[in-house]
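To start, the structure under review is shown below, and the notes come after it.
The values are calculated or read from the model by the stated rules, or taken from the named source; none is laboratory data. Values in this document were obtained by computation on a predicted structure and should not be read as measured data. Note: ideal-geometry Cβ built from the backbone for every residue, glycine included; neighbour counts use all protein chains shown. Note: accessible area is taken over every heavy atom of the protein model, side chains too, but ligands, DNA and RNA are not part of it. Shrake-Rupley method; radii C 1.70, N 1.55, O 1.52, S 1.80 Å.
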Amino acid sequence: MNETPNALDQRPTAELVNLLLINRDEDEAESVYWSAMRVLHLRGTLEVFEAARSLCLSSCSLEQRIGCGILAQLGSPEESFASASFLLVVSVIRRTDDLDTLANGLCALGWLADLRGVDVVLHYIGHADSDIRYWVTHALTAMNEDERCIEGLIRLSTDPDADVRDWATFGLGSQTEQDTPAIREALVARLPDADEIVRGEALVGLAKRQDERVIEPLLQALESETYKCTPNDYATEALSELRDIEKHPRLSKWKPNA
């Protein structure tokens, strides 16, 4: 039976860590694993940090992964141990030959968003495993104020894996306020993408930047027989981002309450 975070609040840190070690159900948001992890994140004490530190310094891949998971959001939002956590996560990344552990480490670097991690993350941008490249896109998106991250996301927006392209396009289009010719060209290149989510992210990113090249593909999406106008559709979101819709009569009719 799953336990809620409230039910775990009074458990000792060592007991919560043990729950993480024996409950490998991290793919379920309401699992014991995530309930215990959230309590540790919120607790954010030196005791929790030291427990995570010991896990990261272990030679066991499972313990390393859990250590990185704890440190990723420890004490959020204050993140009192962020700098020390960064160094521990990097130490795991540099020591491990386990792909799941590497993925967890890259994920943690994204949460920590320490710009010292840019070089570490970029080292894996061409990794053979698509899951690793996927977590690279997350980390680069979180650190996108560094221009090298934008360049990395542009490269990953052409990745053979659709999930990688999706997150890279999302990072470029919606997760940064930067507006450069290179970003726009990368988004335009994704408009005919084979994956509909990637195409949708490109629509939104270009609409946010008021790029006229979004008009025709947006109209095609809106006028498609399979299009359903719901608040969650990328085309609807892109439409809401555009100003001066009146300049485009075919678009105007799609404006809410038009």
Selection from region 142-158 of residues that are open to solvent by less than 10 Å² (accessible area, probe 1.4 Å) and either assigned to a helix (DSSP H, G or I) or more than 16 Å from Asp193 (Cα to Cα) (or both): Met143, Cys149, Ile150, Gly152, Leu153, Leu156
Would you mind stating whether Ala52 is open to solvent by less than 80 Å² (accessible area, probe 1.4 Å) and within 18 Å of the chain's Cα centre (by Cα)? no
The residue that is most open to solvent (accessible area, probe 1.4 Å), considering only those in region 185-208 that are small (Gly, Ala, Ser) and out of contact with any Asp or Glu (no Cβ under 8 Å at 6 or more places or on another chain), is Ala194
Taking region 159-186, which residues are over 21 Å from Ala207 (Cβ atoms) and part of a loop (DSSP other than H, G, I, E, B)? Asp159, Pro160, Asp161
Would you pick out the residues in region 113-131 that are out of contact with any Lys or Arg (no Cβ under 8 Å at 6 or more places or on another chain), buried (at least 16 other Cβ atoms within 10 Å of the Cβ) and in a loop (DSSP other than H, G, I, E, B)? Ala113, Asp114
Return the only residue of Ser58, Ser83, Ser91 being farther than 25 Å from Ala128 by Cα, out of contact with any Ser or Thr (no Cβ under 9 Å at 6 or more places or on another chain), of a type outside the set (A, V, I, L, M, F, W, C) and at pLDDT 95 or above. Ser58
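When you scan region 47-61, do you find a residue that is among the small types (Gly, Ala, Ser), farther than 17 Å from Ala108 by Cβ, free of Cβ contacts under 8 Å to residues at least 24 places away in the same chain and not in a helix (DSSP H, G or I), even just one?
yes
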Looking across region 55-87 at residues that are closer than 20 Å to Ala103 by Cα and among the charged types (D, E, K, R), the single one that is surrounded by the most Cβ atoms within 10 Å (Cβ to Cβ) is Arg65
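Restricting attention to region 90-112, which residues are in a helix (DSSP H, G or I) and either open to solvent by 40 Å² or more (accessible area, probe 1.4 Å) or not aliphatic (A, V, I, L, M) (or both)?
Answer for region 90-112, where residues must be in a helix (DSSP H, G or I) and either open to solvent by 40 Å² or more (accessible area, probe 1.4 Å) or not aliphatic (A, V, I, L, M) (or both): Ser91, Arg94, Arg95, Leu99, Asp100, Thr101, Asn104, Gly105, Cys107, Gly110, Trp111.
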